[in-house]
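First the structure, in the form of structure tokens, and then the observations on it.
The values are calculated or read from the model by the stated rules, or taken from the named source; none is laboratory data. Predicted model only: the values in this text are computed from it and were never measured. No Cβ is skipped: glycine too gets one built from the backbone with ideal geometry, and neighbour counts run over all protein chains shown.
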């Protein structure tokens, strides 16, 4: 059984199959890739760093209630996710993920160690994106669990995941009483070129 091609999809475009279904993969436009890149390597990391900045080595592990991930865990989890799905499976790094360790609050890494790990992950995303042509984004997904159709979707999923946890980190910083700009979203997007204002 094949999936119907959406309007505007070139039947001669690369196709992917998953679970016995096929789909012609439209090529993402340079503008789409650029918008994705400016958010995944620019605006969202700037927002996460703004959320981390007011914390110290101890308070970065603060939880407002049991079961709520502290900012440290959110940043380490995002780093692990990006280094695994983008760094390893797209850029070809030798990173080996230990997902349970990302949530292990007993590690008590310092704020600067956490920022270094997060920045390393963003650098790997940049390397991956620099290595791909627009056509490469239409290639079959490199997700090891086969959840996506294309490499482009791998990046969209990574962006959505980072956006979710970045928003949580910003909210935790505000709950802790730290003064973040009410315009942290807009300022990060403008600083990264993801928006004009």
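Taking the criterion of being under 23 Å from residue 173 (Cβ atoms) and either modelled with pLDDT of 95 or more or crowded, with 20+ Cβ neighbours inside 10 Å (or both), would at least one residue in segment 131-138 satisfy it? No, segment 131-138 contains no residue that is under 23 Å from residue 173 (Cβ atoms) and either modelled with pLDDT of 95 or more or crowded, with 20+ Cβ neighbours inside 10 Å (or both).
Only a single item in (1) in contact with a helix residue (DSSP H, G or I) (Cβ under 9 Å, 6 or more places away or on another chain); (2) in a loop (DSSP other than H, G, I, E, B); (3) at pLDDT below 95 is not met by residue 54, and it is number (3).
Answer yes or no as to whether residue 25 is crowded, with 21+ Cβ neighbours inside 10 Å and at pLDDT 95 or above. So that I can check it myself, show each step before the final result.
Working: crowded, with 21+ Cβ neighbours inside 10 Å: yes; at pLDDT 95 or above: no.
Answer is no for this residue.
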